[in-house]
Amino acid sequence: MSRRVVVAGVGMIPFTTPSKTQPYDVMGETAARKAIADAGIDYERVQQAYAGYVYGDSTAGQAALYGLGRTGIPVVNVNNNCSTGSTALWLARQAVETGAAECVIAVGFEQMMRGALGSLWNDRPTPFGRFDQATKALQGWDDQAPMAAQYFGGAGQAYADKYGMDPKVFARIAVKARRHAANNPYAVFRDPVTVEQVLESPRIFGPLTRLQCCPPTCGAAAAVLVSEEFARANGIDVTVAIKAQAMTTDYPSTFSGDMTRVVGYDMAQAAADQVYEAAGVSPGDIRVVELHDCFTTNELLTYEGLRLTPEGTAEKFIADGDNTYGGKVVTNPSGGLLSKGHPLGATGLAQCAELVWQLRGQADARQVEGVTLALQHNIGLGGAAVVTLYEKVS
C-alpha cells in the first residue's frame, strides 16, 4: 500500500425481500447519503464514484447518485457477480492509494427478483460454461435444481466425503447465522432456528436445505474512502483504514480439481495469502471476519480457505465454538448472507460497513471485544474473490 486509505464513512439500509423493496435508485441514494453523512463531508468533495450492481441497466449508478448531486465526476458502473460490491471497493481503494483521487465513494445496490439466480441472456454463451462443464464431469447435472445450489451443494458433499464428515454439521452454521442476526437491525431473517428445523426444511441439492441457502434480497450499502492526508486536513475520523487488499480470479485448478475448487476455494485462498503477506499478519491475528456464506457449505470451506483453521479441521472448529463469540474468531457477526441477506451489488459494501462498525466499537450487541484487525471475504463465481483487511489506527 503506497498511501494509507482511510474508510471515512459507511452506510447501509435494512435489507429486505423483493416483495418489500424500494426502487434501486432510491436504495442506492439512501445508502450513499448515509456514508457521506458518516464521513462528515459534502457530496461535492467526492471526486470519483464506483457503483456496483448485477441486475440492472447500464448507468444505473448514475441514476442512484444523481439524487445526491450532478457534479460531473466520473461514475464507473461495476458488475462482477456476487463480488460486485467488493470490486467497487477495490477500485475505489486503488484510486485513493495511487493518488488518482483524494475522496471516492463506492456504492452497491440490488433490486432482485424472487427465486433462484439465473441468467437473463439465453441467446449467447454463458460465462458459466466452463463451470458447468467441470460440474457435469465431477457430479453430473440436475436440470431441476438451481445452478448455484448444485455448485455449492456439490462442493459441500465433496468435502464431507473427503473427510468423513456428517453433512448435518453444515446445519449448525445456519443456526449460528440466525443467532448473530438477532442482534442486527439490518438483517432480513432474525428469528432463531434449530438444527432440526434447518434439516427439515425442503431439500435443495446435496446436503443443502432451504434454510442453508441465502435468500434473494434487496438492499444497498456504501463506503467513502479518502487519503489519510485528506482526512486529517478535513477533520475526518481516521480510526479505520484498509491495511491490505487483494483480488484474484480463477486458476487452472478451478476446472481440474474437485467441486471445492469449482466454487473458488483456490482463488479465495490466494487472495487471503496475498493479504496476510502484504499486511505482515497471520490468520491467528484475526478476531472477526465477514465472509461469503451464500450457502452453509461455502462458509465451512472458507474457514479453511482463509486459513482460520487447518484443512480438514472445520468440523472441530465448529464443534468447539471457535466460529462465534467466545471462540477464536467471530464469523459473520452481522448474520452473514444467510440471515442478513445477499443483494449482490451491496453485499461486499455491507460487509465493509459491519467491520468498520466493529473496529470503531459501534456494533452494539454484535460487538466483538478488543478488535484491532478485521477480515472481509467476498466471492463471485465466474469468477472473482476479494479479500480485504481493515485495521484500527491508534
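Projecting the Cα positions of Phe295, Leu306, Tyr276 onto the charge dipole of region 275-330 (unit charges on Cβ atoms of Lys, Arg, Asp and Glu, taken about the Cα centre) puts Tyr276 furthest along the positive direction. Working note: 222 nm ellipticity from helices only, DSSP H runs with n ≥ 4, each -39,500 (n - 2.57), summed and divided by the residues of the chain, gives -11000 deg cm²/dmol to the nearest 500. Distances between placed amide hydrogens fall under 5 Å for Arg4 paired with Glu228, all partners being 5 or more residues away or on another chain. Paramagnetic label reach from Lys168 (point 7 Å along Cα→Cβ; backbone nitrogen cut-off under 19 Å): within region 208-229, residues 208-213. Residues of region 1-15 falling in the label zone of Ser394, defined by backbone nitrogen less than 20 Å from a point 7 Å along Cα to beta-carbon, are 4-7. Over region 65-147, the reciprocal of the mean inverse Cα-Cα separation, the Kirkwood hydrodynamic radius, stands at 16.4 Å. Using a cut-off of 29 Å between Cα atoms, the listed pairs Lys20/Lys328; Lys162/Lys340; Lys168/Lys328; Lys34/Lys392 include Lys20/Lys328; Lys162/Lys340 as exceeding that distance. In the context of the full set of protein chains, residues of region 1-104 present 40 Å² of accessible surface per residue (probe radius 1.4 Å, heavy atoms only).
In this label model, Met113 and Leu138 are separated by 2.8 nm, measuring between points 7 Å along each Cα→Cβ vector. Considering only Cys352, Gly140, Met12, the residue lying farthest towards the positive end of the dipole of the chain is Met12, judged by Cα position with unit charges set on Cβ.
Each semi-axis of the equivalent ellipsoid for region 305-394 is √(5λ) with λ an eigenvalue of the Cα gyration tensor; in descending order they amount to 19, 19, 13 Å.
Projected onto planes of every orientation and averaged, the convex hull of the alpha-carbon atoms in region 241-363 covers 7.9 nm². Counting Cα-Cα pairs of region 1-110 in 5 Å increments starting at 0 gives whole-percent bin shares of 2, 13, 24, 26, 21, 9, 4, 1, 0.
Among the GluC sites (Glu not before Pro) in region 337-394, those placed in a DSSP loop whose Cβ has at most 10 other Cβ atoms within 10 Å are Glu369. Could you work out the local net charge near Ala314, counting Lys and Arg as +1, Asp and Glu as -1, over the other residues with Cβ closer than 12 Å to its Cβ? My count for the surroundings of Ala314 gives -2.
Beyond 19 Å, how much of the Cα-Cα pair distribution for region 199-250 remains, as a whole percent? Of the Cα pairs, 63 percent sit more than 19 Å apart.
Subtracting the Cα-Cα distance of Thr372 and Gln197 from their residue separation scaled by 0.36 nm leaves 59.4 nm. Mind giving me the FRET efficiency for Tyr66 and Arg360? R0 is 35 Å, r the Cβ-Cβ distance, nearest 0.05 is fine. My answer for the efficiency is 0.70. With the alpha-carbon atoms of region 159-212 aligned to their principal axes, the span from lowest to highest coordinate is 38, 21, 16 Å, starting with the largest.
In plain terms, the chain from Arg3 to Asp161 could stretch by 52.3 nm, reckoned as 0.36 nm per residue minus the Cα-Cα distance.
Beta bridges per DSSP, both residues in the chain: antiparallel share near 70 percent.
Placing +1 on each Lys and Arg Cβ and -1 on each Asp and Glu Cβ, with no other charges, gives the chain a dipole about its Cα centre of roughly 440 debye.
Applying the Karplus relation 6.51 cos²θ - 1.76 cosθ + 1.60 with θ = phi - 60° to region 319-330 yields 3J(HN,Hα) values of 4, 7, x, 7, 9, 9, 4, x, x, 6, 8, 7 Hz, where x marks Gly and Pro. Between amide H atoms placed 1.01 Å from N, distances below 5 Å from Lys243 occur with Leu389, Tyr390, Glu391, all of them 5 or more places distant or on a separate chain. Once you reduce region 287-335 and region 40-118 to the center of their Cα atoms, the two points are 29 Å from each other. Per-residue packing, averaged as other Cβ atoms within 10 Å, sorts the ranges 139-147, 227-235 into the order 227-235, 139-147, beginning with the highest. Among residues other than Ile13 with Cβ under 11 Å from its Cβ, the summed charge is +1 (Lys and Arg +1, Asp and Glu -1).
The values are calculated or read from the model by the stated rules, or taken from the named source; none is laboratory data. The structure presented is a predicted model; accordingly, all values stated were derived computationally and were not measured. Don't worry about glycine lacking a Cβ; one is built from the backbone with ideal geometry, like all the others, and counts go over all protein chains shown. Surface accessibility is based on the protein's heavy atoms, side chains included, excluding ligands, DNA and RNA. Shrake-Rupley method; radii C 1.70, N 1.55, O 1.52, S 1.80 Å.
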